[in-house]
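The structure appears below as structure tokens.
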Amino acid sequence: MAGTAAANATPVYCVCREPYDVNRFMIECDICKDWFHGSCVRVEEHHAVDIDLYHCPNCAVLHGPSLMKKRRNWHRHDYTEYDDGSKPVQAGTRTFVKQLRARSFSSADEIILKMHGSQLTQRYLEKHGFDVPIMVPKLDGLGLRLPPSTFSVLDVEHYVGGDKVIDVIDVARQADSKIKLHNYIKYFTNPERPKVLNVISLEFSDTKMSELVEVPEIARKLSWVENYWPDDSVFPKPFVQKYCLMGVQDSYTDFHIDFGGTSVWYHVLWGEKIFYLIKPTNDNLAIYESWSSSVTQSEVYFGDKVDKCYKCVVKQGHTLFVPTGWIHAVLTSQDCMAFGGNFLHNLNIGMQLRCYEMEKRLKTPDLFKFPFFEAICWFVAKNLMETLKGN
């Protein structure tokens with residue numbers, strides 16, 4: 001019996017001697033071949049890619065510390081590639097950001113609408129459409145409630161909780177990994193930053209910080225989720241309305257269309273972000289789809305493939321609304337905290353569906369799509385049908 005019990009025992013790993021957990025990052029020791037939780041041996045997931053040979057705490061005593069990879073270039077996602085001058089610059093790398101800052105662009109003033117918050121009403125958009133980005137330089141009249149500009153990343157940790165695991169982007173590699181919020185805040189507040197890490201997907205509706213933020217009134221009034229999602233739905237309500245974005249200088253997000261063709265609002269609490277905006281014309285959308293599915297996507301600057309790319313600087317206190325389908329990239333030009341949110345609405349239904357169909361053709365993973373997009377479309381269709389019947 002004892003032998004059978006031993007055979008059926010769950011394997012345990014790491015210094016903590018716990019079983020494998022799919023939700024926890026682990027790293028293998030190249031000496032003893034045992035596996036260790038990154039959190040137990042103080043190795044962050046984003047840091048593991050910099051290790052050539054990992055030595056666990058026990059093996060390090062005999063064999064010395066882990067061996068790190070050697071940097072051989074500043075322009076490739078894999079910085080160990082030899083730099084013979086033949087390989088193109090890839091998006092997000094130090095060389096790329098330096099070149100981006102030196103580029104010339106058309107001014108967004110050519111296409112953007114600047115408005116007072118009180119002018120941005122549902123009635124106005126229903127009459128004039130929501131087809132170009134809108135900039136609101138002041139908070140007044142927007143119905144947008146936010147913490148004061150003194151609100152820091154340490155305050156985010158206080159309200160959200162340092163143990164919350166968040167997604168972080170290693171900008172020079174354009175790769176995602178996970179990290180505890182406390183460890184990211186520790187990184188952010190340290191003047192010595194060995195790499196550029198960007199947080200753009202911290203949705204905080206289910207935290208205490210949610211009480212400090214009220215989304216712009218226009219987003220609330222137009223939002224399909226706010227207006228049409230039934231309380232008794234078998235699907236969980238999508239939380240995409242409240243994001244906190246924390247980016248250090250030179251953070252970069254490459255060209256994209258927000259999921260499901262959602263419109264998006266951004267408010268810069270402190271710091272500065274630069275948006276590179278491209279109209280969703282038929283030609284531009286076709287070029288974007290082709291570029292998105294290309295194996296050389298990271299080596300081709302999408303702004304060079306279209307007629308016009310507009311540069312829009314969003315300064316502290318400014319709020320930017322980006323409509324459905326607009327293709328955009330974002331550079332964090334200085335350390336920055338921003339708030340934002342996504343919303344589907346009635347004003348651009350055709351373009352929203354078009355963006356969703358493109359996502360399906362590009363085989364976009366569910367993780368990066370609007371949650372239950374088809375369900376919300378049915379809820380809206382049912383409501384519109386009942387409204388038409390009533391009339």
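Each reported figure results from applying straightforward, stated rules to the coordinates on display, with no laboratory input. What you are looking at is a predicted structure, and each value in this text was computed from that prediction instead of being measured. In this analysis, Cβ positions are derived from the backbone assuming ideal geometry, glycine residues included, and neighbour counts consider all displayed protein chains.
General remarks:
- Residues of segment 354-376 satisfying the condition of being within 21 Å of Asp283 (Cβ to Cβ), exposed (fewer than 15 other Cβ atoms within 10 Å of the Cβ) and not basic (Lys, Arg): Glu357, Leu362
- Annotation note: Cβ proximity below 8 Å between a residue of segment 228-240 that is within 15 Å of Lys369 (Cβ to Cβ) and a residue that is of a type in the set (Val, Ile, Thr) and in a loop (DSSP other than H, G, I, E, B) (sequence gap 6+ or interchain) occurs for Val240/Thr262.
- Residues located in segment 295-311, provided they are over 21 Å from the mean Cα position of the chain (by Cα), among the charged types (D, E, K, R) and over 24 Å from Met135 (Cα atoms): Asp304, Lys305
- Note on segment 35-46: residues that are closer than 14 Å to Ala60 by Cβ and surrounded by fewer than 16 Cβ atoms within 10 Å (Cβ to Cβ) total 1.
- Segment 8-27 - residue that is in contact (Cβ under 8 Å) with a residue 24 or more places away in the chain and over 29 Å from the mean Cα position of the chain (by Cα) and, of those, surrounded by the fewest Cβ atoms within 10 Å (Cβ to Cβ): Cys16
- Residue within segment 317-338 that is part of a helix (DSSP H, G or I), closer than 30 Å to Trp229 by Cα, of a type outside the set (A, V, I, L, M) and in contact with a Pro (Cβ under 8 Å, 6 or more places away or on another chain) present: no
- Among the criteria (1) part of a loop (DSSP other than H, G, I, E, B); (2) surrounded by fewer than 22 Cβ atoms within 10 Å (Cβ to Cβ), the one Asp250 does not fulfil is (2).
- Every residue from segment 333-369 that is touching a Leu at 6+ places or on another chain (Cβ under 7 Å) and aromatic (Phe, Trp, Tyr): Phe339, Phe343
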